[in-house]
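Working notes for the structure below.
Nothing in this text is a laboratory measurement; each read-out follows from the coordinates by a stated rule. As the structure is a computational prediction, the values presented were derived from the model and not from experiment. Every residue, glycine among them, receives a Cβ derived from its backbone with ideal geometry; neighbour counts consider all protein chains shown.
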Amino acid sequence: MMDFIKPSSGYIEIPHTADRALLVWGKDAETLFINAAKGMYSLLLIHDFEDEMIERVINIREFDQESLLVSFLSLLLLELEEKKLFYDQISIQIKGKNLKGQLIGKKVKNVDREIKAITYNNLKIQNTKNGNEVEIVFDV
Amino acid sequence: MVTMNDFHKITGFEWEIPRKTRKDLRVGIHVFASQEMLLKGLKDRSFEQAMNAATLPGLVGEVVVMPDFHQGYGFPIGGVAATQLSNGVISPGAIGYDINCGVRLLVSSIQFEQARSQIEILANRLFQECPSGVGAKGTISLTKTEMDQVCREGSRWAFKHGFATQEDLELTEDSGCLEDADPLKVSVNAHERGKTQLGSLGSGNHFLEVDVVEEIFDKRTAEAMGLNTGSVCLMIHCGSRGFGHQICTDYVHDFQMAIQKYRIQLPDRELVCAPLNSPEGQAYIAAMRCAANFAFCNRQILANSARSIFRSVFNGKACNPDLLMVYDLAHNMAKFENHIIENKQIRVCVHRKGATRSFGPGSGDIPDRYQETGQPVLVPGSMGSSSWVLVGTQTAMIKSFGSCCHGAGRALSRSQAKREISGSELRSRLQGKGIFIKTGSLSSLSEEAPEAYKEVDEVVQCVIESGLAKKVARLRPVAVIKG
């Protein structure tokens, strides 16, 4: 993991030649996942929203925490591409390999950058003395 | 960490990382690059990823790395790896999320001097009428039944519906259709993402480019391709859109469990794979072929739209505004092919990720028109630089599983390019050089600046010096349409 002063955002973009990569951290799994979602949205350059609020409940079950993270972010990406939905209020609970939660957001009018997929490239959630950290590579 | 000491020099353009370099390597790595490119490549994880790729079960020969290599995810971009059918695997990450991302070149008989005054109008029309950008919907919306037909038929579907000519099919890799595609192996999410995107370009490094044939290096081969000095051409670079992205996402997810079932140990989870002869492997192959067929059809629909625009723009201004096919090829795909390994011909599954085929004369897998010359190899440069038309060789069949480079290859990260280059200044600079730029996002344009890529001429020089291809023609861009 890289050595630098961490911004309060919970994520920072790290160098990658072709794609996009984030270092994300959080005091617990829930914070880590939410910061990863915020980081991913920041890469997409989203702007102009509609006023109507949208709400949905999610339940994801996977075989480990890394898969849970990929599935969670993939779901947000799919909602954005297919339904133009951007969730800025994310409330989740993670127990082992299960995630459940509530997403609140709105419709987006413009997205300037595409993310094709969330990859498993060297994906490993690390437990540190300050919580959790993970590097995520996005195919763009 | 890979260092220069890990490389054994074969020639000035070929290098080897021996199998013994790391304990878990199953084969060595053959890199096509100049020493300067190699040194630059040591700055990212390209070669570490190539070594990780060399741990896949059932590999034969060597993992091959093309000179346009750069760091990707799991497998490096510009990587080629072949696995044998009996004990080999297929790895979706070694093909990429944009399955059958590829390039198509069409040529007209219009001379640039005749067309010069219309190029800006042409660029505007292409931008307006060929959907591009993030999540762009295509020109055709498909029902579930039609989507299944596109999955099975590829460009043949376009032909049946009047969007293609017989010649288009003949001059597309695999005639624009991989057999044994099975839509039942594709998820509902993938179907949903694909059904509205046929006939769309997408975003990122995908583009439509109007070029002029600037120089011919091999007159006989150029004639076979219909290329004449000064002719106006159109290049299309795109793939299977959200449909392919979702298929790869689904199978990379599913194969996380498959590697446990088949007790496969890998250094990177993005390389997950399944035995070629397993139910999981067979399911992915059938789904990958659906995405490949979708991509062939997608480029065909875009080509058909471009043809209409050319006819409309040049009607009465050029004697024949038709766009004729040169070739359409894939650069993210797995193919079953015959290759000679240790003096024996064997059938292997060749993974190419950011690498094209470069089959030489006499190959049974290339169109009749190119039997004497070898297949066209299309190498687009960056927005402001030349693109190249090369031709495949027998040497490529021996050295690289009949493969060649697919472009210039990135040199700068997208964030660095964006920091250093302004989109509006870049557009002005390129327009000053006579290249019209149409884009939906100036912010994303800077990420695709020429400075963000390697020099395509140097990449081409490597493959020429190594014998992987021969020069046919150099193209100069005059208009670029990006999402």
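Of note:
- For chain B, size of Cβ-based charge dipole, Lys and Arg +1, Asp and Glu -1, in debye: 620
- Ranking B:GLY423, B:ILE435, B:CYS233 by Cα position along the charge dipole of the protein assembly as shown, where only Lys, Arg, Asp and Glu carry charges on their C-beta atoms, puts B:GLY423 farthest toward the positive end.
- Peptides ranked, highest mean first, by Cβ atoms within 10 Å: ranges B:405-412, B:371-378, A:108-115, B:334-341: B:405-412, B:371-378, A:108-115, B:334-341
- Degrees between helix B:279-314 axis and first principal axis of chain B (Cα, 0 to 90, nearest 10): 20
- Among A:SER74, A:ASN98, A:ILE54 the positive-end extreme of the charge dipole of the range A:39-107 (Cβ point charges): A:ASN98
- Kirkwood estimate for the protein assembly as shown, i.e. one over the average of 1/r between Cα atoms, Å: 24.4
- A Cβ-based charge dipole, computed about the Cα centre of the protein assembly as shown with Lys and Arg at +1 and Asp and Glu at -1, lands at about 420 debye.
- Shielding of A:9-19 by partner chains, average beta-carbon count, 10 Å: 6
- Placed amide H near B:SER187: partners under 5 Å, 5+ positions off or other chain: none
- Every Cα-Cα pair of the range B:241-389 was included, and the share exceeding 23 Å stands at 55 percent.
- Both the radius of gyration and Dmax for the range A:68-111 are 11.3, 36 Å, in that order, over alpha-carbon atoms.
- Between the listed residues B:ASN304, B:ALA287, B:ASN315, the Cα displaced farthest toward the positive end of the dipole of the range B:279-336, a dipole computed from Cβ unit charges relative to the Cα centre, is found at B:ASN315.
- Annotation: amide H-H contacts under 5 Å for B:SER109 (H modelled 1.01 Å from N, sequence separation of 5 or more, or interchain): B:ASP322.
- From helices alone, chain A scores -8500 deg cm²/dmol at 222 nm; the rule is -39500 (n - 2.57) for each run of n ≥ 4 DSSP H residues, then divide by the residue total.
- Taking the average, over residues, of other Cβ atoms within 10 Å as the packing measure, peptides A:36-43, B:190-197 rank B:190-197, A:36-43 from highest down.
- Of interest is the spacing of the C-alpha centroids, which for the range A:112-137 and the range B:360-390 amounts to 39 Å.
- Compared with the dominant Cα axis of chain B, that is its longest principal axis, helix B:241-261 is turned about 0°.
- From its DSSP helices (H runs of at least four residues, each -39,500 (n - 2.57)), chain B gives a residue-normalised ellipticity at 222 nm of -10000 deg cm²/dmol.
- Along the range A:68-75 the Karplus relation, 6.51 cos²θ - 1.76 cosθ + 1.60 evaluated at θ = phi - 60°, assigns HN-Hα couplings of 4, 5, 4, 5, 4, 5, 5, 5 Hz to successive residues, with x for each Gly and Pro.
- Across the range A:91-101, computed HN-Hα scalar couplings (Karplus, 6.51 cos²θ - 1.76 cosθ + 1.60, θ = phi - 60°) run 10, 9, 10, 10, 10, x, 9, 10, 10, 9, x Hz from first to last residue, x flagging Gly and Pro.
- Classified by the C-alpha gyration tensor, the range B:122-212 has an oblate form. Its axis ratio a/c, with a ≥ b ≥ c, is 1.5 or above, and a/b does not exceed b/c.
- Cα-based shape type of the range B:392-483, given that a ≥ b ≥ c are square roots of the gyration tensor eigenvalues and the cut on a/c is 1.5: prolate
- Relative to one another, the C-alpha centroids of the range B:401-471 and the range B:81-138 are positioned 15 Å apart.
- Residue by residue, the range B:170-181 carries 3J(HN,Hα) couplings of 4, 9, 10, 3, 6, 6, x, 8, 8, 6, 6, 6 Hz when phi is fed to the Karplus relation 6.51 cos²θ - 1.76 cosθ + 1.60 (θ = phi - 60°); x denotes Gly or Pro.
- Summarising the amide proton neighbourhood of B:GLU14: residues at separation of 5 or more, or on other chains, whose placed amide H is nearer than 5 Å comprise B:ALA33.
- Distance from the range B:192-217 to the range B:1-68 (C-alpha centre basis), Å: 31
- Rounded, prolate or oblate (a/c below 1.5 giving rounded, otherwise prolate when a/b exceeds b/c) for the range A:17-140 by Cα gyration tensor: oblate
- Residue-averaged beta-carbon neighbours from other chains (10 angstrom radius) around B:66-77: 4
- Shielding by other protein chains, A:20-31, mean Cβ within 10 Å: 1
- Links that overshoot a 23 Å alpha carbon limit, given the list A:LYS38/A:LYS83; B:LYS144/B:LYS261; B:LYS20/B:LYS399; A:LYS116/B:LYS418; A:LYS6/A:LYS38; A:LYS84/A:LYS116: B:LYS144/B:LYS261
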